[in-house]
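Engineer: Got a structure here, written out as structure tokens. Questions coming.
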Amino acid sequence: MNKRILAALGTVILGAGVTAGIGTYVAAAKNDSGSIMATSAGSFTAPDGKTYPHYTLTMNTYPNSTFGGHHGEDGGAHPDWVSYGAAGPYGEPLRDAKTGTNFVVPAHSAVTITIWQYDSGETLNNDFFAKVRGTVGGTATLVERYDTKSHTNATEAKTITQIPHDAVGHTFTIHGVSSDQDSLFVNVPLLLANDDEVTAAEEEGGFTQFPSMTTFTFITGDEGEYIWNCEFPCGDGTVARFGNAMSAMSYMSGHFTVKG
Ligand SMILES: [Cu+2]
């Protein structure tokens with residue numbers, strides 16, 4: 001993956017700017033203008049027969065930050081870093097989005113998230129995160145290849161409880177930041193996109209036409225402040241590649257707020 005070499009170069013050139021950037025970001029993230037609100041989508045009946053207000057969120061994961069959106073048109077300070085970003089209803093980048101990684105969802109609701117994953121991948125440090133956890137039914141729906149041009153599944157959708165631990169692009173993992181609130185833990189592994197297609201698309205300055213598409217639903221409790229992050233070592237650095245994009249907010253992590 002040439003992005004690792006690029007990331008290493010980026011560290012040398014741009015490392016000084018990182019600390020200042022994180023502080024600014026966290027301060028800005030305190031108000032709601034920096035968050036994506038879930039979209040209302042009717043009601044959802046859980047397997048136990050209970051009905052909840054239903055909300056949806058969409059997002060993308062990219063092999064670099066040149067998708068526009070919250071990093072800016074040219075990819076911002078770290079164009080070579082992997083990143084989450086705001087997505088339209090068919091996995092298209094929302095180039096005008098001002099935020100891509102802070103989310104607000106209502107309390108006591110069913111939240112369905114769809115993630116299009118445009119990056120390649122490698123092996124997880126920890127098998128734990130290759131399993132789907134905390135979702136309705138303990139499952140997710142996976143389309144290994146989604147055609148973003150025709151808006152159709154290029155492979156059949158299937159219900160999954162895990163993916164191979166050596167085929168993980170990124171993970172979406174929500175967890176609490178304090179113990180005096182409802183616990184919310186959700187982990188969904190996102191299948192890598194085809195390596196050759198990702199590389200070919202990157203060489204042309206774009207993203208693969210066929211990301212994987214993963215959809216899952218979970219039920220929120222009382223209001224609370226949570227954090228989400230990727231548990232795949234997709235960053236850079238000497239400590240198990242948990243540096244750079246992995247340790248900077250707004251790339252592979254963000255706020256996840258449950259509002260009453
Ligand atoms: Cu990641």
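Engineer: Send over the semi-axes of segment 101-260's equivalent ellipsoid, whole angstrom and largest first, taken as the square roots of 5 times the C-alpha gyration tensor eigenvalues.
Structural biologist: So the equivalent ellipsoid measures 26, 19, 14 Å along its semi-axes.
Engineer: Using modelled amide H (1.01 Å from N, peptide plane; none on Pro or chain starts), what sits under 5 Å from the amide H of SER65, excluding residues fewer than 5 places away?
Structural biologist: Correct list: ASP80, TRP81.
Engineer: Can you list the trypsin sites (Lys or Arg not before Pro) in segment 140-177 that are in a DSSP coil and have 12 or fewer other beta carbons within 10 angstrom?
Structural biologist: LYS149
Engineer: What ranking do 131-137, 210-216 get when scored by the average of other Cβ atoms within 10 Å per residue, highest first?
Structural biologist: Descending packing order for the listed peptides: 210-216, 131-137.
Engineer: Still on this model: Quickly rank 98-104, 56-62 as a protection proxy: mean count of other C-beta atoms within 10 Å, highest first.
Structural biologist: Top to bottom by mean Cβ count within 10 Å: 56-62, 98-104.
Engineer: While we're on this one: Could you put PHE185, PHE207 in order of accessible surface area, largest first, with the 1.4 Å probe and the full protein assembly present?
Structural biologist: If we order PHE185, PHE207 from most to least accessible, we get PHE185, PHE207.
Engineer: Output wanted: per-residue J couplings in Hz (rounded whole) for segment 35-46, from phi through Karplus 6.51 cos²θ - 1.76 cosθ + 1.60, θ = phi - 60°, x for Gly and Pro.
Structural biologist: 10, 9, 8, 5, 9, 5, 9, x, 10, 10, 9, 6
Engineer: Quick check: net charge around GLY85, other residues with Cβ under 11 Å of its Cβ, Lys/Arg +1 and Asp/Glu -1?
Structural biologist: Taking every Cβ under 11 Å from that of GLY85, the sum is 0.
The values are calculated or read from the model by the stated rules, or taken from the named source; none is laboratory data. Treat the numbers as computed from the prediction; the structure is a model and nothing was measured. Here the Cβ is made from the backbone with ideal geometry for all residues, glycine too, and neighbour counts use every protein chain on show. Quick note on the areas: whole protein, heavy atoms, side chains included, nothing else; ligands and nucleic acids left out. Shrake-Rupley method; radii C 1.70, N 1.55, O 1.52, S 1.80 Å.
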